[in-house]
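Here's the structure, in structure tokens; my notes come after.
The values are calculated or read from the model by the stated rules, or taken from the named source; none is laboratory data. No experiment lies behind these values; they were computed from the predicted model shown. Don't worry about glycine lacking a Cβ; one is built from the backbone with ideal geometry, like all the others, and counts go over all protein chains shown. Please note that ligands, DNA and RNA were not included when accessible areas were found on the heavy atoms of the full protein model with its side chains. Shrake-Rupley method; radii C 1.70, N 1.55, O 1.52, S 1.80 Å.
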Amino acid sequence: MIESGAMDTGRAVTERDVAEGLRNLGLNESSSVIVHASLRSFGHVDGGADAVCRALVGTCGTVMMLAGSGDLTRVPAPPGLVRPNNAYYTAESWESFDAALAGAVPFSPDLPVDRWLGRIAESLRRSFPHERGVHPFLSFLAVGTHAGRLIAAQRVDRPLGPIEELADLGGHVLLLGVGHTSNTTIHLAEQRLGRSLFHRYAKAAPGVWMELPNIPGDSDSFDEIEPELAPFTAQTLIGRCRARLVAVQDVLACATRLIRADPAALLCEKEDCRCSAALRQRLITLRWSG
Ligand SMILES: [Zn+2]
């Protein structure tokens, strides 16, 4: 059976195609972008993830991606440390916490990028000289002109600092074959309005755990922002990849407008989602205290 979409040219996408697509969106050497990307979305790419990264780094002045690390470093909350509405799991005993801590990998800046962030980010880490933050749960990596400045803007209590800095630089969000559920910038707008501020726990060094505040949560319903953002979004096709570009400031303004109009805007509706249940709980608490 032929899958839908398998009937187009069938020609492999090249580094040049990707670079041309990026230029069509208006990107150039003065551009700074945070990229969220799916390699599979392109169809077959000659040279794979490395070719996409070469096109990104060769076209844009500064390229930033989320790198994570929570996949390997996360541990449960220790027994007795229960944060309200935190949507996380707590170890039942110190024995089980110690076992989880022993099994986690201590953070170091050369850990692989979290798997859910895709092969393009891992390729940027492996194949390009980069800056990487030291946040043990939610690091970013960046290449190019403003890489140092962006990465230095992250603090343990301010994990999304690099996106704030990117906003100040007039930077853009580039979505390559992924939706707004991957658009981390929307979390920054939520956090500025008091939403999506969770505590998580990670192994920061051998034998050492850390509590990490202000970690964003669920993004399942972020695609609801799409119609609002459409007037500010440039779009093109690269192979089969739908590439979209929108200014960080426009994403922040748009998400802020939606959440101000309805504090529950862009919250996930899934009954079994712990993050959204916790966020809704917090909204009720805020209403009482407001
Ligand atoms: Zn959800």
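Amide H contacts under 5 Å for Arg240: Gly43, restricted to partners 5 or more places along the chain or on a different chain, H placed in the peptide plane at 1.01 Å from N. Scoring 121-127, 139-145, 103-109 by mean Cβ neighbours within 10 Å over their residues and listing the highest first yields 139-145, 121-127, 103-109.
Less than 5 angstrom separates the built amide H of Phe140 from those of Ala67, Gly133, His135, all sequence-distant by 5 or more or on a different chain.
For the chain, which semi-axes, largest first and in whole Å, follow from the square roots of 5 times the eigenvalues of its Cα gyration tensor? Could the numbers behind the result be given before it?
Numbers: eigenvalues 206, 108, 68 Å².
Computed over the chain, the values are 32, 23, 18 Å.
Centroid-to-centroid, using Cα positions, region 54-98 and region 163-201 are 16 Å apart. For the set Asp17, Asp71, the ranking by accessible area, highest first and with no ligand, DNA or RNA atoms included, is Asp71, Asp17 under a 1.4 Å probe.
Based on protein heavy atoms only, the chain ends up with 47 Å² per residue of surface accessible to a 1.4 Å probe. For region 33-39, backbone phi angles converted through the Karplus equation (6.51, -1.76, 1.60; θ = phi - 60°) give residue-by-residue couplings of 9, 9, 10, 10, 9, 10, 4 Hz, Gly and Pro being listed as x.
Charges only on Cβ, +1 for Lys and Arg, -1 for Asp and Glu: so what's the dipole of region 176-290 about the Cα centre, in debye to the nearest 20?
Details: 14 positive and 13 negative charges, 59 e Å.
I would put it at about 280 debye.
The protection proxy used here, the mean number of other Cβ atoms lying within 10 Å of each residue, ranks peptides 175-181, 78-84 as follows, highest first: 175-181, 78-84. Computed per residue of the chain from DSSP H runs no shorter than four, each worth -39500 (n - 2.57), the mean residue ellipticity at 222 nm is -10000 deg cm²/dmol.
Can you give the % of DSSP beta bridges in the chain that are antiparallel, to the nearest 5?
75 percent
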